[in-house]
1. Identify all residues within segment 374-427 that are small (Gly, Ala, Ser) and open to solvent by 20 Å² or more (accessible area, probe 1.4 Å); write none if there are none.
2. If I filter segment 196-205 down to residues being surrounded by fewer than 17 Cβ atoms within 10 Å (Cβ to Cβ) and not basic (Lys, Arg), which single residue comes out as nearest to the ligand (Cβ to nearest atom)?
3. Kindly indicate whether any position in segment 128-140 is more than 16 Å from the ligand (Cβ to nearest atom), closer than 30 Å to Asp295 by Cα, open to solvent by 20 Å² or more (accessible area, probe 1.4 Å) and not in a helix (DSSP H, G or I).
4. For segment 67-77, name all the residues that are closer than 18 Å to Pro424 by Cα and open to solvent by 40 Å² or more (accessible area, probe 1.4 Å).
5. With respect to Asn422, determine if the residue is outside the structural domain of Asp224 (by TED's automatic domain parsing), closer than 30 Å to Val238 by Cβ and at pLDDT below 90.
6. For segment 294-323, what are the residues that are away from the ligand (no atom under 14 Å from the Cβ), open to solvent by 20 Å² or more (accessible area, probe 1.4 Å) and either of a type in the set (Lys, Arg) or under 38 Å from the mean Cα position of the chain (by Cα) (or both)?
7. For segment 180-193: of the residues being open to solvent by 10 Å² or more (accessible area, probe 1.4 Å) and within 14 Å of Val238 (Cβ to Cβ), which is nearest to the ligand (Cβ to nearest atom)?
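The values are calculated or read from the model by the stated rules, or taken from the named source; none is laboratory data. From a predicted model like this one, the values you see are computed outputs, not experimental measurements. Glycine also receives a Cβ, built like all others from the backbone with ideal geometry; neighbour counts cover every protein chain displayed. The area values use the complete protein model at the heavy-atom level, side chains included, leaving out ligands, DNA and RNA. Shrake-Rupley method; radii C 1.70, N 1.55, O 1.52, S 1.80 Å.
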Amino acid sequence: MQSPRTVALVGQPNVGKSRLFNRLANKRISIVHDQPGVTRDVISEDMGPYTLLDTGGIGLTGKLTPQIIQDATEEQVEFAIAAADLILFVTDGRKGCTHLDETLANKLRSTGKPIQLLVNKIDLPELEENVAEFSGLGLGDGLAVSAEHGYGMDELKDTILDHLGPETIEEIDDSDEPRRIRISFAGRPNVGKSSLCNQLLNSERMIVSDVPGTTRESVERNLDYETKGEGTWHFRLVDTAGMRRKRKVDSSLEYFSNLRTKDAIESADTVFLVIDAVDGVTKQDHILAESILDDGRALAILVNKWDEAQAMHRSGKLEEYSSLKEFKEFYEESIRKELFFLPDSPILFVSAKTGFSIERILQTARQLDAIQNTKLPTGELNRVIGDLLERQPPPMVRGKRFKIYYVVQVGNRPFRVRLFCNQPHRFEKSYRRYLQKGFQSHFGFPGCPVFFHLTGKEQRYTEES
Ligand code: GDP
């Protein structure tokens, strides 16, 4: 997925970053960082071809001593270097080039990132001559602008687009073959994976064809399902040898490698973890579910052999429940308790033996597949994470607080979100879970895991979730 391009405004306090931001974003009411209610370190605006960031709130606390100004501005520059595709370095054309401007320019030059020097506060023609002095920074010609009066804005907008170049056009798939949703079944031996596959394959509405070139280890089949009124649904069932061949399993390692037929799981759009209704959730199911999510796959749970529960109900063995529906609700709740880490995965009650609810498996595969195509608007994503941070700020560790400046989606299938922060190592596991849960409950992507990747100042590396 092409991540949205970002343009960041950096520079010392009072050079006019907020004004420039408001001008470019056409904000009539100016948003500035010290305004009550605006506690975000970074303010962003979706500009269409790119996202504009004002970094001016990073690191500014209390009194602005020269040291705080220097540290804060350097932190802003660090962040912009990590996060932005283009950096707009703003200087004050009235004040002239300062020592701190030089320090920042040196830092920026060494990164190789595209940088545009802006000389702001050029409100009058006679101030134009002040621009020349900034050429010593080694960042090329400065562009004279006046955020206050709006001078130079059209040129600035064009310059930004020139730097960014055209947006990459997403490839158009013009093959005749329909896109197929890849599904696979995982689970312990004897939970009914093969039976479920057979039930699907033998459906009257299903046209099955083998995919040539499959290996002995895994078999892929194209499934075309003729719906009642919704056209044909196209799937590819990724079946594995481990599932088809029945053999004695003698080592625990082999047992576990049979449990999760890794290739099939990794290449699926949606994995169905099959649980035996009679046995309930076992420890192995727990391990499997976790590893499927760790692999970044969308996960739904199938409680198979539900015909057994139906039979028990008919013979009066579930009399403590007022109805089978109530038992089902109880059962679902207990699965959610056992597998507490599930990202709100759909849980289906099915029977491979009777064909009960089999079609819902296909509906669920389509539902989860569609969710995974979602592109998250950067503004909304930042608001959601920002609200979560405010509601429950990260704990202080040795006098320092973990901070997230800016968030952007960098992938889907699975969802990947990059968090630009101050110190990645302060991001605690429990806080990661809190954000993941908050993300889930806002966006509501049932069954789909989300990965947070951290990019921070101290260690310029990415930490996997
Ligand atoms: P796999 O090892 O997960 O592929 O399991 P199988 O599909 O081979 O099924 C294991 C056993 O469970 C077989 O004896 C099946 O007949 C039985 N079975 C599978 N699905 C169902 C079901 O929905 N209901 C009942 N009652 N038995 C089932």
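1. Gly379, Gly399
2. Among residues in segment 196-205 that are surrounded by fewer than 17 Cβ atoms within 10 Å (Cβ to Cβ) and not basic (Lys, Arg), the one nearest to the ligand (Cβ to nearest atom) is Asn198.
3. Scanning segment 128-140 turns up no residue that is more than 16 Å from the ligand (Cβ to nearest atom), closer than 30 Å to Asp295 by Cα, open to solvent by 20 Å² or more (accessible area, probe 1.4 Å) and not in a helix (DSSP H, G or I).
4. Scanning segment 67-77 gives a single hit, Glu74.
5. For Asn422, the condition - outside the structural domain of Asp224 (by TED's automatic domain parsing), closer than 30 Å to Val238 by Cβ and at pLDDT below 90 - is not met.
6. Hits for segment 294-323 are Asp294, Asp295, Arg297, Lys317.
7. Lys193
Yes or no, residue by residue, for (1) among the aliphatic types (A, V, I, L, M); (2) over 30 Å from Asn304 (Cβ atoms); (3) out of contact with any Ser or Thr (no Cβ under 6 Å at 6 or more places or on another chain); (4) not assigned by TED's automatic domain parsing to the domain that holds Arg314:
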{"residue": "Arg336", "(1), (2), (3), (4)": "no, no, yes, no"}
{"residue": "Glu359", "(1), (2), (3), (4)": "no, no, yes, no"}
{"residue": "Asp387", "(1), (2), (3), (4)": "no, yes, yes, yes"}
{"residue": "Pro394", "(1), (2), (3), (4)": "no, yes, yes, yes"}
{"residue": "Tyr405", "(1), (2), (3), (4)": "no, yes, yes, yes"}
{"residue": "Asn412", "(1), (2), (3), (4)": "no, no, yes, yes"}
{"residue": "Phe415", "(1), (2), (3), (4)": "no, no, yes, yes"}
